[in-house]
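> Encoded as structure tokens, here's the structure I'll be asking about.
The values are calculated or read from the model by the stated rules, or taken from the named source; none is laboratory data. What you see is a predicted model, and the numbers here were worked out from it, not measured in a lab. Glycine also receives a Cβ, built like all others from the backbone with ideal geometry; neighbour counts cover every protein chain displayed. Note: areas computed on protein heavy atoms with side chains; ligands, DNA, RNA excluded. Shrake-Rupley method; radii C 1.70, N 1.55, O 1.52, S 1.80 Å.
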Number of protein chains: 2
Amino acid sequence: MPEIFPSDSVGLVEPRTLHFPDPLKLACGRELPAYDLVVETYGTLNQDASNAVLICHALSGHHHAAGYHSEEDQKPGWWDNCIGPGKPIDTNKFFVVCLNNLGGCHGSTGPSSINPETGRPYGPDFPVITVRDWTNVQARLADRLGIDQWAAVAGGSLGGMQALDWAITYPDRLRHALVIAATPKLTAQNIAFNEVARRAITSDPDFHGGRYQEHGTAPQRGLMLARMVGHITYLSDVSMGEKFGRELRDHAYKYGFDVEFQVESYLRYQGEKFSENFDANTYLLMTRALDYFNPAREYGNDLSQAMAQAKCRFLVMSFSSDWRFAPEHSQKLVNAMVDARRDVSYSEIDSPWGHDAFLLPNERYIRLFRAYMNRIAGEFTDAR
Amino acid sequence: MPEIFPSDSVGLVEPRTLHFPDPLKLACGRELPAYDLVVETYGTLNQDASNAVLICHALSGHHHAAGYHSEEDQKPGWWDNCIGPGKPIDTNKFFVVCLNNLGGCHGSTGPSSINPETGRPYGPDFPVITVRDWTNVQARLADRLGIDQWAAVAGGSLGGMQALDWAITYPDRLRHALVIAATPKLTAQNIAFNEVARRAITSDPDFHGGRYQEHGTAPQRGLMLARMVGHITYLSDVSMGEKFGRELRDHAYKYGFDVEFQVESYLRYQGEKFSENFDANTYLLMTRALDYFNPAREYGNDLSQAMAQAKCRFLVMSFSSDWRFAPEHSQKLVNAMVDARRDVSYSEIDSPWGHDAFLLPNERYIRLFRAYMNRIAGEFTDAR
């Protein structure tokens, strides 16, 4: 590992693409004939394949969870704060697997991939994907990697919802689920924000009913707006206040509609950057997966019944200033786990950073996360 | 009054247009040569003009605060719950004045009016208007109506900010200010939501740099998105949950991006309706007036110093589930008033209806509002 990377980094990493040639039946009733998944792994799988941890990504995430893709890389993977040698998910102990989910836009088969039936990009013809579909795909990935049972499945936000779904759907195939800053179902307000984002994209004249690739364009205005709205919900009122307050960019009021306050400049920058690097159809698909997620639905809307399917142990964590999936969401989930007599540890972490807190370093968060993962490592170390 | 209207309604009302031929100096440094204001009044001005109440409207409001414009009118004015015979602002006692603010799109001079210098609509050339400009314009309106001193100036949200500015700017010209669901300044999050709304409008290809009227079009997509985002911030998570929950429109998941949940259908309807009836340039202008409002700024960012200018008494009310201008905003304002030894009554009303609560009937809200207004009526009744 070159010295230019921090000593607690997994260093240079390389994604690889795995092809899955067998048809996949989806929750929507349709079937995908075959698909690719882009995967990164960190650490080493032990002899009995008992140290594997699956990392599930959130709305705009991907397979690149830790380390760097080149020596010039300015930024490490999205969960680098939590994955690496000596970090909570310690790559000296665990074999860590992260993939770009089906429907994504970072190399796994998704709306921007070529539809073998037509020779053109899927675009709007790509099927709507649910969290359950991802769980199923991840189970096939586990088969491919020779992992019968994950030591843990972990994720934040939409990633946490996948960890939760794993526990319910494949109870024998994981020992622990880490469900962080997540929710057992979206509220009307959550869905409403997603709908604004989708509407921004689909009403952009460059959307062309989702066939923008074939028109040589992309609904960047809509995607930018979607990201701006999303970004507000990832931060808290307090953290935005601390970060920007009412600071002006040019010290005095200009009495116009150009950027006046720092927060406007920040949002526009975030929105623009995102709109240049993310696929609009994938964004639609990811927000819909969020909307649909509701594991209680299959069990007469009784979340405890759903949780009774699980056999693994749980770590649930929420963040005090998260108003996207506020701590009450996690508390409801934990209550259902307790009702179903599951083994669950729950912590509400005090943080001003809103929903984004699950990505950020926070002393108590990191400490609890590490302690829990060390307990897991103890299990398979003893078993060897 | 025809019997078709409720007995506590002001009944049929008619707006009138007043022309103001003298130039108006604006906060932005520019000058408006002349302007029209559309005004409605309810009740009768008493002999010594001591019973006049000014109603200030919020972002999307206008002069039509109470009563009906025709017998066929399905909906009364926007604050009809609070204005009428026997209602909190009792038109048997008070002479109530409400206007469409300068820059509006309901008849008062605004961006869609003809610019006398060019013979074409002002569009983006209309000056940016601040709350202070409105206060000044309203003072001229008071002069025109022969009202030296308002018994009260009242408003909710952006309307409450105008009432607050009246107290600071024209301390001798009002006896009471009712500042409801308002704030002494927007937070970074508030500004961020406004910026998303503005960006949705200005990035709509039909915006044409604000000259859409001359292009025979309007940025309806952008305005719709702006309203959808706004609407989410007017309601609370709880009230959206009570109103819509996760109810599906067609009972089963359709696995697509058309309307699936009731809340989506509601938001789209609200957005579409609004986009057909509101002017985009006015929306930009109103949100900027919100952003800029910060009376402490002229007093070294010391809100108590600003409040020390005031001579009137205050009623400040906030609503428990309002997260647009949460009760803490009002509490900060009240603290500054107390520091400045002003006479203030403050109530936080328990309500699940978010920011919108100031428009809705709520037993405690109406009772406190009525009691306060009756106290004001007692003052001028005694004086007669």
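> Identify the residue in segment B:134-155 that is of a type outside the set (A, V, I, L, M) and under 21 Å from B:GLY110 (Cβ atoms) and, among all such residues, is surrounded by the fewest Cβ atoms within 10 Å (Cβ to Cβ).
Ranking the candidates gives B:ARG144 first.
> Does A:LEU178 fit the bill of being under 23 Å from A:PHE369 (Cα atoms) and either in a helix (DSSP H, G or I) or more than 11 Å from chain B (Cβ to nearest Cβ) (or both)?
So A:LEU178 passes the test.
> Let me ask something else. Going by the conditions given, is A:LEU186 facing another protein chain (nearest Cβ under 9 Å), under 30 Å from A:GLU328 (Cβ atoms) and modelled with pLDDT of 95 or more?
Judged against the criteria, A:LEU186 is a match.
> Another question, then. Could you tell me whether segment A:75-86 includes any residue that is in contact with a strand residue (DSSP E or B) (Cβ under 9 Å, 6 or more places away or on another chain), free of Cβ contacts under 8 Å to residues at least 60 places away in the same chain, surrounded by fewer than 20 Cβ atoms within 10 Å (Cβ to Cβ) and in a loop (DSSP other than H, G, I, E, B)?
Yes: segment A:75-86 contains one or more residues that are in contact with a strand residue (DSSP E or B) (Cβ under 9 Å, 6 or more places away or on another chain), free of Cβ contacts under 8 Å to residues at least 60 places away in the same chain, surrounded by fewer than 20 Cβ atoms within 10 Å (Cβ to Cβ) and in a loop (DSSP other than H, G, I, E, B).
> Follow-up. Quick one: which of B:HIS215, B:HIS208 is without any contact (Cβ under 8 Å) to a residue 40 or more places away in the chain, surrounded by fewer than 24 Cβ atoms within 10 Å (Cβ to Cβ), more than 10 Å from chain A (Cβ to nearest Cβ) and in a loop (DSSP other than H, G, I, E, B)?
It is B:HIS215.
> Separate question: Please work out which one of (1) of a type in the set (Asp, Glu); (2) open to solvent by 10 Å² or more (accessible area, probe 1.4 Å); (3) more than 9 Å from every other protein chain (Cβ to nearest Cβ) is the condition B:ASP165 fails and give its number.
Condition not satisfied by B:ASP165: (2).
> Hey, another quick one. Please specify each residue of segment B:237-295 satisfying the condition of being within 17 Å of A:LYS185 (Cα to Cα), more than 10 Å from chain A (Cβ to nearest Cβ) and crowded, with 23+ Cβ neighbours inside 10 Å.
none
> Only residues that are assigned to a helix (DSSP H, G or I) and open to solvent by less than 60 Å² (accessible area, probe 1.4 Å): list them for segment B:334-368, please. Show your work before the answer.
Start the filter on segment B:334-368 by keeping residues that are assigned to a helix (DSSP H, G or I), which leaves B:334-339, B:354-359, B:363-368.
Listed by number, the residues that qualify are B:VAL334, B:ALA336, B:MET337, B:GLY354, B:HIS355, B:ASP356, B:ALA357, B:PHE358, B:LEU359, B:TYR365, B:ILE366, B:LEU368.
> Then there's this: So which of A:ARG221, A:ARG198 ends up being within 12 Å of another protein chain (Cβ to nearest Cβ), on the phi < 0 side of the Ramachandran plot and either open to solvent by 10 Å² or more (accessible area, probe 1.4 Å) or among the aromatic types (Phe, Trp, Tyr) (or both)?
When all the criteria are applied, what remains is A:ARG221.
> Give the residue that is least open to solvent (accessible area, probe 1.4 Å), with candidates limited to residues of segment A:26-74 that are free of Cβ contacts under 8 Å to residues at least 12 places away in the same chain and away from chain B (no Cβ under 14 Å). Please lay out each step first, then the result.
Applying the first criterion (free of Cβ contacts under 8 Å to residues at least 12 places away in the same chain) to segment A:26-74 yields A:29, A:31, A:72-74.
After this cut, where a residue has to be away from chain B (no Cβ under 14 Å) as well, the list is A:72-74.
Details: A:GLU72: 133, A:ASP73: 48, A:GLN74: 165 Å².
Here the answer is A:ASP73.
> Turning to a different aspect of this structure: A:ARG227: at the interface with another protein chain (Cβ under 7 Å from one of its Cβ atoms) and buried (at least 20 other Cβ atoms within 10 Å of the Cβ), yes or no?
In short, no.
> Out of the residues in segment B:296-307 that are out of contact with any helix residue (DSSP H, G or I) (no Cβ under 6 Å at 6 or more places or on another chain) and of a type outside the set (Asp, Glu), which is farthest from the other protein chains (Cβ to nearest Cβ)?
My answer is B:GLY300.
> All but one of (1) free of Cβ contacts under 8 Å to residues at least 24 places away in the same chain; (2) open to solvent by less than 30 Å² (accessible area, probe 1.4 Å); (3) of a type in the set (A, V, I, L, M, F, W, C) hold for B:ALA371; state the number of the condition that does not hold.
Failing condition for B:ALA371: (2).
> Right, next: Does B:VAL316 count as hydrophobic (A, V, I, L, M, F, W, C), part of a strand (DSSP E or B) and more than 11 Å from every other protein chain (Cβ to nearest Cβ)? Lay out the reasoning, then the answer.
On the way: hydrophobic (A, V, I, L, M, F, W, C): yes; part of a strand (DSSP E or B): yes; more than 11 Å from every other protein chain (Cβ to nearest Cβ): yes.
For B:VAL316, the condition - hydrophobic (A, V, I, L, M, F, W, C), part of a strand (DSSP E or B) and more than 11 Å from every other protein chain (Cβ to nearest Cβ) - is met.
> Being more than 26 Å from A:SER157 (Cβ to Cβ) and within 14 Å of chain B (Cβ to nearest Cβ), is that true of even one residue in segment A:16-23?
no
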